[in-house]
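The values are calculated or read from the model by the stated rules, or taken from the named source; none is laboratory data. Everything numeric here is computed off the predicted structure, so don't read it as measured data. Accessible surface areas use protein heavy atoms only, side chains included; no ligands, DNA or RNA. Shrake-Rupley method; radii C 1.70, N 1.55, O 1.52, S 1.80 Å.
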Amino acid sequence: MAIVAQSEKVVRQSISLPSGIARRVKTLARRERTSANRVIVNLIETGLEAREREKRAFFELAERLTHSTNATEQKRLKEELARMTFGE
């Protein structure tokens, strides 16, 4: 997980969490011997990184599709792009 650099400006942000998620965050914090705030920051960073990976993967597939001349590969790439866009 990425860690916020010490010199990076910190912005105070208030959020509301559903009680079940708040319990899970507290449990993770206790298990990792850190604060709930650190757990939330790590989870957000991980989620943002995952979104970026998904976005890159989507555009890489789209690029492969535009350059593909093989009909079978085009069909497979279209199906994979559809799954990424609309789910299973």
Would you check which residues across segment 44-78 are closer than 30 Å to Val25 by Cα and open to solvent by 100 Å² or more (accessible area, probe 1.4 Å) and list them?
Leu48, Arg51, Arg53, Glu54, Lys55, Arg56
Thr27 versus (1) hydroxyl-bearing (Ser, Thr, Tyr); (2) open to solvent by less than 100 Å² (accessible area, probe 1.4 Å); (3) in a loop (DSSP other than H, G, I, E, B): which is the lone unmet condition?
(3)
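Take Val11 and tell me if it is open to solvent by 100 Å² or more (accessible area, probe 1.4 Å) and hydrophobic (A, V, I, L, M, F, W, C). Steps first, please.
Details: open to solvent by 100 Å² or more (accessible area, probe 1.4 Å): yes; hydrophobic (A, V, I, L, M, F, W, C): yes.
Yes: the conditions hold for Val11.
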